[in-house]
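K.L.:
The structure is given below, and queries will be raised subsequently.
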Amino acid sequence: MEILGTTLRICVDDLEAAVAFYEGLTGTSALRFERGGVSVAAIGCFLLMNGPESELEVLRKVGATIAVKDVDEANEALTRAGARVIAGPVPTPAGRNLIALHPDGSIFEYVDRNVTV
């Protein structure tokens, strides 16, 4: 499995203020989308999320988003290594993703840019 990079996941109270800060910090514009009642802004290596606490509580359990070349390949490699895929693969606005539980208890999202929606 080829890992292309990671994204830091940050739950924020004020999405607009956070977007302004991170756009200024990185010099890039936010890619915005909604997912399951959560407003998301991707800015550089930062993924800002705001929404109902019940949704954010689940999202906080995911340590990071890991960009991979192909989610299907990641699925196979993770399973072979002893991880358990607990969600996905599913299409998202940015590509496909899955959520995996590693044997040490860590939870990570794996995402590719193979947009299918």
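The values are calculated or read from the model by the stated rules, or taken from the named source; none is laboratory data. Owing to the predicted nature of the structure, the values given are computational and were not obtained by experimental measurement. Cβ sites come from the backbone with ideal geometry, for glycine too, and all protein chains shown count toward neighbours. In case anyone asks, the SASA skips ligands and DNA or RNA and just uses the protein heavy atoms, side chains included. Shrake-Rupley method; radii C 1.70, N 1.55, O 1.52, S 1.80 Å.
K.L.:
Please go through segment 58-73 and pick out each residue that is open to solvent by less than 40 Å² (accessible area, probe 1.4 Å) and either closer than 19 Å to L8 by Cβ or in a strand (DSSP E or B) (or both).
P.N.:
V62, A64, T65, I66, A67, V68
K.L.:
Okay, moving on. The conditions are (1) within 19 Å of M1 (Cβ to Cβ); (2) at pLDDT below 95, and R84 fails exactly one of them. Which is it?
P.N.:
It is condition (2) that R84 fails.
K.L.:
Moving on. Among (1) surrounded by 15 or more Cβ atoms within 10 Å (Cβ to Cβ); (2) touching a residue at least 12 places away in the same chain (Cβ under 8 Å); (3) of a type outside the set (G, A, S), there is one condition V40 misses while meeting the rest; what is its number?
P.N.:
V40 satisfies all of (1) surrounded by 15 or more Cβ atoms within 10 Å (Cβ to Cβ); (2) touching a residue at least 12 places away in the same chain (Cβ under 8 Å); (3) of a type outside the set (G, A, S) except (2).
K.L.:
If you check every pair at least six apart or on different chains, which have Cβ atoms under 6 Å apart with a residue in segment 91-106 that is in contact (Cβ under 8 Å) with a residue 40 or more places away in the chain first and a residue that is assigned to a loop (DSSP other than H, G, I, E, B) and open to solvent by 40 Å² or more (accessible area, probe 1.4 Å) second?
P.N.:
Taking only residues 6 or more apart or on different chains, the pairs are S106/G63.
K.L.:
Here's another thing I want to ask about it. What are the residues in segment 39-57 that are closer than 10 Å to R9 by Cβ and of a type in the set (S, T, Y), if any?
P.N.:
none
Here's the yes/no breakdown for (1) open to solvent by less than 40 Å² (accessible area, probe 1.4 Å); (2) of a type in the set (G, A, S); (3) part of a strand (DSSP E or B):
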{"site": "A77", "(1), (2), (3)": "yes, yes, no"}
{"site": "N97", "(1), (2), (3)": "yes, no, yes"}
{"site": "A100", "(1), (2), (3)": "yes, yes, yes"}
{"site": "F108", "(1), (2), (3)": "no, no, yes"}
{"site": "N114", "(1), (2), (3)": "no, no, no"}
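K.L.:
Looking at V85, V58 in this structure, which one is under 17 Å from the mean Cα position of the chain (by Cα) and free of Cβ contacts under 8 Å to residues at least 12 places away in the same chain?
P.N.:
Values: V85 fails: free of Cβ contacts under 8 Å to residues at least 12 places away in the same chain.
One residue alone meets the criteria, V58.
K.L.:
Report the residue count in segment 3-29 for those that are over 22 Å from P52 (Cα atoms), touching a residue at least 24 places away in the same chain (Cβ under 8 Å) and open to solvent by less than 90 Å² (accessible area, probe 1.4 Å).
P.N.:
2
K.L.:
Could you list, in sequence order, the residues of segment 79-88 that are open to solvent by less than 50 Å² (accessible area, probe 1.4 Å) and outside any loop (DSSP other than H, G, I, E, B)?
P.N.:
Matches in segment 79-88: V85, A87, G88.
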